[in-house]
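First the structure, in the form of structure tokens, and then the observations on it.
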Amino acid sequence: MPYYVTGGRYADTTFRVLLEPAPALGPFGTHEEALEAWRERARATIDYATVRYQIAWQDGAGGPPAPAPHAPDAVA
């Protein structure tokens, strides 16, 4: 299932109206690869309150991927 990182600058912090879409990154073969690309993009724009990115996927079933398990010492 291919994964993509999408998003960009929104009109406000309700994140309903995308004003400036950023070029999508991907496709990535695994969710972990897409997550690393998302982290890089999110870190680069951390100071901008109206910029948001997300991981999107293409799947015939239409459901999201299963979440990665947390490490035993992770705080939920």
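Computed from the coordinates by the stated procedures, all read-outs in this text should not be read as laboratory data. What you see is a predicted model, and the numbers here were worked out from it, not measured in a lab. Note: ideal-geometry Cβ built from the backbone for every residue, glycine included; neighbour counts use all protein chains shown.
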If you take the C-alpha gyration tensor of segment 3-57, multiply each eigenvalue by 5 and take the square root, what semi-axes do you get, largest first, in whole Å?
-> 20, 12, 8
The simple spin-label model distance between Glu20 and Met1, using points 7 Å out along Cα→Cβ, in nm, is 3.2 nm
Here segment 15-21 yields Karplus 3J(HN,Hα) values (6.51, -1.76, 1.60; θ = phi - 60°; whole Hz; Gly and Pro given as x) of 6, 9, 10, 7, 7, 10, x
Treating only Lys and Arg (+1) and Asp and Glu (-1) as charged, each at its beta carbon, one finds that segment 3-57 has a dipole about its Cα centre, in Debye to the nearest 20, of 160 debye
Rounded to whole Hz, the Karplus (6.51, -1.76, 1.60) HN-Hα couplings of segment 36-46, x for glycine and proline = 5, 5, 4, 4, 4, 5, 5, 5, 5, 10, 4
Note: Thr30 to Ala11 extended length (0.36 nm per residue) minus current alpha-carbon separation gives 3.8 nm
Cα-projected label distance for Arg43 with Ala56, points at 7 Å along beta-carbon direction, nm = 2.5 nm
Residues with beta-carbon under 13 Å from that of Gln54, excluding Gln54: net charge, scoring Lys, Arg +1 and Asp, Glu -1?
-> +3
